[in-house]
Amino acid sequence: MNKIEKEKKTIGWMIRFYCRKNHHHKKRPCNECKELLEYAMKRLEHCPYGSNKKSCRRCVTPCYTPAMRKRIKSVMRYSGPRIIFISPMSGSDTSFNKRGMLFFTEAEKEGKMKAIKVLGWLGVLAMTLVIGNAFINGDFREDGGELLRNPWGMVSLVDLYVGFILFSIWIVLREETLGAMVIWIVLMMIFGFFIG
């Protein structure tokens with residue numbers, strides 16, 4: 001797959017994702033986004049630089065009209081940061097784009113998702129056993145005080161809450177409504193990753 005084809009795939013995914021999340025068109029892009037998608041595809045097909053093309057924002061001969069440039073910037077601002085959290089492509093090969101992001105075939109993605117689910121369930125099982133043991137054999141007040149007095153206990157707590165904050169950022173990027181964001185973040189802060 002050449003550079004232009006990869007760019008087409010990336011911009012196509014970004015516009016469809018933007019439309020799905022902002023214009024609520026699940027199956028096909030709305031007319032406005034379809035127009036933008038067709039415009040972007042034509043610009044890529046007729047790019048005078050071909051496979052030597054740089055990113056559009058660094059191009060010395062920009063080909064987008066000011067109105068279309070404004071629209072595509074909105075799409076990229078929204079979809080760009082989210083691309084790293086969402087499986088963006090169903091490419092026909094496994095390759096890297098200019099940012100070093102890896103694209104997997106559908107079969108590879110399916111295999112990886114199965115492995116992730118197995119690891120997730122093993123994590124839930126381990127947390128269930130550890131939490132059960134703590135409730136049966138531990139004293140929350142006494143053991144909690146010891147944890148705070150121990151320097152390595154403090155390291156563990158800071159590590160845990162840094163993880164919570166990073167995961168909260170991921171939730172904010174994934175969830176569409178403020179209510180869902182708040183509920184998931186509060187549940188995670190109370191129950192930890194056990195709720196995931």
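Values quoted throughout were computed directly from the atomic coordinates according to the rules given, and no laboratory measurement underlies them. The structure presented is a predicted model; accordingly, all values stated were derived computationally and were not measured. Heads up, the Cβs are rebuilt from the backbone with ideal geometry, glycines too, and the neighbour counts pull from every protein chain shown.
Between W170 and D143, the simple spin-label model (points 7 angstrom out along Cα→Cβ) gives 2.6 nm. With a simple spin-label model that places each label point 7 Å from the Cα along the Cα-to-Cβ direction, the separation between K26 and Y78 comes to 1.8 nm. Each label point was placed 7 Å from the Cα along the Cα-to-Cβ direction; for K42 and M154 their separation is 6.4 nm. Each of R82, R141 has some number of other Cβ atoms within 10 Å of its Cβ, and from fewest to most they run R141, R82.
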